Each structure stands twice: as structure tokens, then as C-alpha cells.
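Notes for the one structure printed next.
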2 protein chains.
Amino acid sequence: MTTQVSPGAGPAPEPPVGEPRWLDAEEQRAWRAWLYSTQLLNDRLDRELMRATGIPHTYYEILVQLSETPDRQMRMSELADRCLSSRSRLSHAVSRLEERGWVRRQECAEDGRGLLAVLTDEGFAALEAAAPIHVEGVRTHLFDQLTLEQVAAMRDLGETLLRHLDPS
Amino acid sequence: MTTQVSPGAGPAPEPPVGEPRWLDAEEQRAWRAWLYSTQLLNDRLDRELMRATGIPHTYYEILVQLSETPDRQMRMSELADRCLSSRSRLSHAVSRLEERGWVRRQECAEDGRGLLAVLTDEGFAALEAAAPIHVEGVRTHLFDQLTLEQVAAMRDLGETLLRHLDPS
DNA sequence: GTAGCGTAGTTGAGCGCTTGACTATTCCGC
DNA sequence: GCGGAATAGTCAAGCGCTCAACTACGCTAC
């Protein structure tokens, strides 16, 4: 089951120290459901966005982050952090977006090492075109499927995990 | 906010038909928490598995699926379906696993078009070595962070979404 | 039997991502 | 000031994935 090779099932009989803490049957079900649903949802949204607009979700995220700053620009490193991206990945991605004319790099006055990524008008227009596609996907495949209680639970789960995974 | 360009916030005032159904503030929070937490969790587990064992999670999943069949073999197509993988991707992946001697392809008696992917003893051993690493990651970064109620909610959410995304 | 269509699986080009090494600049202690 | 460490960002090689085209076999009808 995705995480098991040996035992499996049963109500977790407190393994000795050093022994793997295998998942019991309930945990297996929960883990598998989470793993598969997140994977299918991400694949689906990414594919729909890609088909409709030609940009992958990671690039979309860059445009979103830039669009939300007051002057539509941000230091490369901060942009990378906000996009949960490595610096290398962001650097490559910004190069691609620059080729399309959606972002441009600009030297940073306060720090000679630094660069600003600036969202161009064309980039903003591209984002405005892509956003309705994306939000419709999120509605259809996520929120339309859930009750208000489930949405609340989703937020609670996500925020709980974020406190552990990204304590920033 | 990841899915927004224009409006934002407020209790969703029933948009006219054709208008994007933007997310309200609560939905934004829920969506962002879900998106970021799933991404961070997957990245983390994949990276830890990769560092410790040299195999990416998608390859691990192939080995798991094969190990769970009675005779450790499966038709390529069915394996692809179970791994939520395209046939092309599975074909490439099996080729890599074959180079390591963990899987081999075998002709299928009943169907001249078909092939069986067979888990070798070396492959099973590799899986046995990787599984404790992986399950420990799932424990540490997921189950150890959650209450029993949250685990139940996670399963409920996942299964609800699966019914929509993968009605198989 | 053979034409035509559907299914099983593979392949290669192109892209995004990771890793690790690299340059350039700033910060800090003495 | 000056030397060394830390920070900002880039780049190239290698890998996994996608897409679309392709081969090969089976299935059905006539």
C-alpha cells in the first residue's frame, strides 16, 4: 500500500524502538486517498491551465505573486521563497518568462548583487487571461465537490501541516 | 492570491453567468493552505526518499504496486493505471528500473501485444530497504502532526475528491 | 481471408527541474 | 580599510515527464 512492504493492517501494536512505525489500515486508507487526490487534482489543474494558456502552474504562480505587490516587482530571492521555488528554478523560469516579454529583470539600486523581477503590462494581460481559466478549474474540481465543513477541514489540515513544513 | 487577479474578499455576491466565480477570502485561505501544504509535503517526502535511496517517489510507487500482486507481476497498462501514470511515462520508468535490474519485462502468453512487468528479487530488496525511510517520512511530516479527527477529515476529503477526479 | 479499427506498448524531441559549481557583491570583525 | 564569510543570482549537465508519432497485434465484419 504505497508505504508498506511487510505487516499491514491491525491497530498499530507499538513497535519496538528502531522498528519502522508502519501504517495501520485506517492510516493507509487516509494516506492513499490524500496522495492520489492531491496528485490527480494538481495534474488536472496544471494540464487544463497548460492547454488553455500555454503556461504551467509554476509560471502562473510567479505572475500571481508579482501582480500582488504594489509596484508589480520583487527581488528574485523573495519571489523564489513565495513561490516555494529554489533560486535556480526561479532563475530559469524568469528567463523563460522574459523571452515571452511577460517579465523583465531590473538592477536593484540598494543591493548591487540583487535583481528585481518586474511584471510587464503584457505579463499582466496574460495573467488576466489565465486567471478565469484557473479559478474555474479550482471551483469545478475542488470547491464544487466539498461541503462548507469539508472546506473548513481542508483549511485546518493545510494550515496545521504548514506550521510543521514551513515554519516561517 | 494564487487564483485571483481582480476582486478578492467579501462573501461571494453571486456573479452573473459567464463571469469568473472568484474565490472569497475564506476560500482563498483554504486553497492556499491546501496547495502549499501538499506541495511542501510531496517535495519533502520525495527529496528524502531520493537522498536516502536514489529513487524518486514515482519509481517507488511502481515497485510497491508490483510487490502487492500475488506473483509480483502486472500488465504494463494496469500498472500505469494504478500508478496514476501515462503509458509513456511508465514505459520510460520501467526501462530505467530494468537498467538497475529491479524489474524485467516479460512477454505475455495470453496477449501477443502485451508485456508483463516483473519485480525481481533485487527490486524487492531495494523496496524493502526504501520502505522504512518512506514510512518514517509519512509519519513524521504527516501523521505525527495530526489528531485522529484530522486524519479522519483527511481521508474524507481525499475520498470525496477521488470520486470526482477518478471515478473508476 | 482480409480490411479496418481499436488496443498495447515504445520512442524521440523538447521542456522543466535538480544539483553543484561558479561569479559577483555585501557584510562583519579586527 | 582589508580579508574572509555569507548572500544574490546564474549556468550546465543530467534526469523525469509530456506529447505526438509510430509499430505491432487482436478483434470484428463481410
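Before moving on, here are some points about what is shown:
- Unique residue being within 20 Å of the chain's Cα centre (by Cα), surrounded by 17 or more Cβ atoms within 10 Å (Cβ to Cβ) and more than 16 Å from DNA strand C (Cβ to nearest atom) when the list is B:Glu27, B:Glu48, B:Glu61: B:Glu61
- Residues (within 16 Å of the chain's Cα centre (by Cα) and of a type in the set (A, V, I, L, M)) located in the stretch A:75-101: A:Leu79, A:Ala80, A:Leu84, A:Leu90, A:Ala93
- If you go through the stretch A:135-155 and keep only what is part of a helix (DSSP H, G or I), at the interface with chain B (Cβ under 7 Å from one of its Cβ atoms) and without any contact (Cβ under 8 Å) to a residue 60 or more places away in the chain, you end up with A:Val135, A:Glu136, A:Arg139, A:Phe143, A:Gln145, A:Gln150, A:Val151, A:Ala153, A:Met154, A:Arg155.
- Test: A:Glu110 is modelled with pLDDT of 95 or more and of a type outside the set (A, V, I, L, M, F, W, C): no
- Screening B:Arg72, B:Arg113, B:Arg139, B:Arg104 for residues that are more than 16 Å from the chain's Cα centre (by Cα) and within 14 Å of DNA strand D (Cβ to nearest atom) leaves exactly one candidate, B:Arg113.
- Residues of the stretch A:156-168 that turn out to be facing chain B (nearest Cβ under 8 Å) and in a loop (DSSP other than H, G, I, E, B), as a count: 1
- Restricting the stretch A:110-127 to residues that are small (Gly, Ala, Ser), within 14 Å of DNA strand C (Cβ to nearest atom) and without any contact (Cβ under 8 Å) to a residue 40 or more places away in the chain, the residue that is nearest to the other protein chains (Cβ to nearest Cβ) is A:Gly114.
- Scanning the stretch B:37-61 for residues that are within 11 Å of chain A (Cβ to nearest Cβ) and either within 16 Å of A:Tyr36 (Cα to Cα) or of a type in the set (A, V, I, L, M, F, W, C) (or both) yields a count of 13.
- Any chance A:Ala131 is surrounded by 14 or more Cβ atoms within 10 Å (Cβ to Cβ), away from DNA strand D (no atom under 16 Å from the Cβ), more than 26 Å from B:Phe143 (Cβ to Cβ) and not hydroxyl-bearing (Ser, Thr, Tyr): yes
- Positions within the stretch B:91-105 being within 8 Å of DNA strand C (Cβ to nearest atom) and in contact with a Leu (Cβ under 6 Å, 6 or more places away or on another chain), in sequence order: B:Arg105
The values are calculated or read from the model by the stated rules, or taken from the named source; none is laboratory data. Predicted model, so just to flag it, every value in this text is computed and none were measured. With ideal geometry, Cβ positions are generated from the backbone for all residues, glycine too; neighbour counts draw on all protein chains shown.
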